[in-house]
Amino acid sequence: MIRTITKYIVLAVIVVTSASAVEYKERTVGSHDDEVLGVFVNEADSKVATCSLDETIKIWSIPEGKELVTMTGHLGQVNNLSFSGNDKWIASGSGDHTVRVWDVETGEQLKILKGHTDQVIGVYFSQDDSSTFIASTSFDKTVKLWDYRLGSEIKTLRDHTEPTNNVAYSYDGKYIASCSDDKSIKIWSTDLETKEPIMTLLHHEAPVLTVLYSFDSKKLVSSDQDGVIKVWSMPDGKLLKSWKAHDELVQDVSFAFDNTTIVSASLDKKVKLWDSENAKLLWEHNAGVEIWSVDLVYDASTIILGCADGTVRYLEKQK
Amino acid sequence: MKLKFSIIAIAMISLLANDLQSQGFIQTVVSLTGNVFNQVSKQPETTALIVTKNDRRVTATRSRASENGYYYLTGLKAGESYEIKLKKKGFMDQLVSIQVPNTDKYTEISKDFLIMPKEAGVKLPLSVPPFEYNKSKLRVGSDIFLSDLYETLALNPSVKFQIISFPDNNKNKNENTELTTERANSLKDYFTKNGIDVTRISIEPNNSTDPNNPPPTEKAAKGKRYIGKSYIKIVSI
């Protein structure tokens, strides 16, 4: 009940503010030594983690933007990362073919999960409090499910015919979504027995670069190499909306807590806020630099960008 | 009456077994499944997998190329570690250690294998570049990738091989030759320190980037940091 009320308050705040000409101010809070490939805000909205071609992971405070810790150990670019549902750990996937798990507070490397036979591109921690599982995707075309605590590879999912680009856990813990250069999205069960996809979503006409579940697990958003965003209803897989959102590929999208507002960022240097119910553009901003990754806090008051010039930028809503 | 006693006995045995299992006296039997692929072509391979523990054979199976290299091994026990030998004519013998997690949570775990062709002239790429950009010293942590390779080379002592190293750019041919000589020698030192006979190893530096794996020329999606590859080329078997 409280969650529902909060959702509608957040939605109302976003709608009202978007109707009255939203203003964000951009602030560069720091930088990596090379392009920033992944951004992930924790559950408490107090920290954001970034990963980079420079092979490191950094954690920054929200809203201050103070650099808290740098994690080193990967032997290749860090392609993506995810906080665990309990905010204690980070999982990262790298060009060195490994998934690694890190302690958020100390920056200590806790586990190296070795099993993919090519670059790891996507990684997503299960978002329940125990945060036992990690899903990962790779240029080796597989989706793997790991038990982080045991350091064990428990399931390999094969059905994509081209490299798999990104992966997302549903917040209810029941499903994994993966996307691929084969232009498909596949939905998998997280139970230990099922290895065939539950569903394949086929409407994209270009390699699908990312997928993400809404917080209520009732929607899935995907984006592709042609700059198209699609929103699907879950778990039935019905296509709800599809629109050309950017002039270049969209590597990253994210939901606000209202499960309706979407932020997208692209190599066309723009970041945009959308109402996914009607594909209406709520706001856009030209960062002047190609953007690989984006995330936001629950009410969209802070948007975090990971940019190709190595900078980590906060867009802060002006009151 | 007999039936009644039988039912009670079965129920008691079942309860006892559950109790023993929960206390760790009976270990969960775990299966290992996955696929076997050719390291060079990435195509599925039919391969024998022989599981041993303390040099004693535990179980064995065969992957099927016709089923995308799928294999299924069972009879492993939770908490135990095993060695899996991969054998196929025309391929290197390989030995992989497996630790089965010490829990009754899983009855199946997963592991894919890459097997290396054993044929003069074949070039086996190092899966992860063990060098930083324009550097020739082996990176800290690269042992987790190189150890599998030297163990395979140690298991196949008749194989003579060449270390081929490529640079990261085409800016300066002399510097590239120097860099790739040093890189090849770093790998040679690593192998010899780990027991590979130095007479088995030769090196080939290069002054320009790998023609079969050139640096990317245009901006694409993720995956574009370029470090010259190194290869192990089999000279004779």
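The values are calculated or read from the model by the stated rules, or taken from the named source; none is laboratory data. These numbers were taken from a predicted model, which means no experiment stands behind them. Glycine gets a Cβ as well: all are built from the backbone with ideal geometry, and neighbour counts include every protein chain shown.
Report, by residue number, each residue of region B:32-53 that is under 20 Å from B:Val96 (Cα atoms), away from chain A (no Cβ under 11 Å) and at pLDDT below 90.
B:Val40
Go through region A:156-173 and count every residue that is more than 13 Å from chain B (Cβ to nearest Cβ) and more than 16 Å from A:Val221 (Cβ to Cβ).
Residues meeting the conditions: 2.
Across region A:41-53, what is the number of residues that are buried (at least 21 other Cβ atoms within 10 Å of the Cβ) and assigned to a loop (DSSP other than H, G, I, E, B)?
Total satisfying the criteria: 2.
Across region A:193-236, what is the number of residues that are outside any loop (DSSP other than H, G, I, E, B) and farther than 21 Å from A:Thr161 by Cβ?
7
Keeping to region A:186-228, report how many residues are over 14 Å from the mean Cα position of the chain (by Cα), under 26 Å from A:Asp275 (Cβ atoms) and among the β-branched types (Val, Ile, Thr).
Qualifying residue count for the region: 2.
Per-residue answers, yes or no, for (1) touching a strand residue (DSSP E or B) at 6+ places or on another chain (Cβ under 6 Å); (2) modelled with pLDDT under 95; (3) not aliphatic (A, V, I, L, M):
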{"site": "A:Thr70", "(1), (2), (3)": "yes, no, yes"}
{"site": "A:Gln77", "(1), (2), (3)": "no, yes, yes"}
{"site": "A:Gly85", "(1), (2), (3)": "no, yes, yes"}
{"site": "A:Ala91", "(1), (2), (3)": "yes, no, no"}
{"site": "A:Gly95", "(1), (2), (3)": "no, yes, yes"}
{"site": "A:Trp102", "(1), (2), (3)": "yes, no, yes"}
{"site": "A:Thr117", "(1), (2), (3)": "yes, yes, yes"}
{"site": "A:Gly122", "(1), (2), (3)": "yes, no, yes"}
{"site": "A:Asp129", "(1), (2), (3)": "no, yes, yes"}
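For the condition over 19 Å from the mean Cα position of the chain (by Cα) and within 14 Å of another protein chain (Cβ to nearest Cβ), what is the one hit in A:Ile112, A:Ile121? Reasoning before the result, please.
Values: A:Ile121 fails: over 19 Å from the mean Cα position of the chain (by Cα).
When all the criteria are applied, what remains is A:Ile112.
Name the residue that is nearest to the chain's Cα centre (by Cα), counting only residues in region A:244-263 that are closer than 19 Å to A:Glu23 by Cβ and part of a strand (DSSP E or B).
Per the stated criteria, the residue is A:Val263.
Has region A:252-266 got any residue that is within 14 Å of another protein chain (Cβ to nearest Cβ), in contact with a strand residue (DSSP E or B) (Cβ under 9 Å, 6 or more places away or on another chain), buried (at least 21 other Cβ atoms within 10 Å of the Cβ) and touching a residue at least 40 places away in the same chain (Cβ under 8 Å)?
Within region A:252-266 (the criterion being within 14 Å of another protein chain (Cβ to nearest Cβ), in contact with a strand residue (DSSP E or B) (Cβ under 9 Å, 6 or more places away or on another chain), buried (at least 21 other Cβ atoms within 10 Å of the Cβ) and touching a residue at least 40 places away in the same chain (Cβ under 8 Å)), the answer is yes, since at least one residue qualifies.
Listed here are the residues, each with its yes/no results for (1) at the interface with chain A (Cβ under 9 Å from one of its Cβ atoms); (2) surrounded by fewer than 16 Cβ atoms within 10 Å (Cβ to Cβ).
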site	(1), (2)
B:Gly69	no, no
B:Ala78	no, no
B:Val100	yes, no
B:Ser110	yes, no
B:Gly121	no, yes
B:Pro130	yes, no
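What residue, among those in region B:132-169 that are within 14 Å of chain A (Cβ to nearest Cβ), within 20 Å of the chain's Cα centre (by Cα) and outside any helix (DSSP H, G or I), is surrounded by the most Cβ atoms within 10 Å (Cβ to Cβ)?
Within region B:132-169, the match that is surrounded by the most Cβ atoms within 10 Å (Cβ to Cβ) is B:Ser142.
How many residues does region A:57-94 contain that are assigned to a strand (DSSP E or B), of a type in the set (S, T, N, Q) and surrounded by fewer than 24 Cβ atoms within 10 Å (Cβ to Cβ)?
Final tally of qualifying residues: 2.
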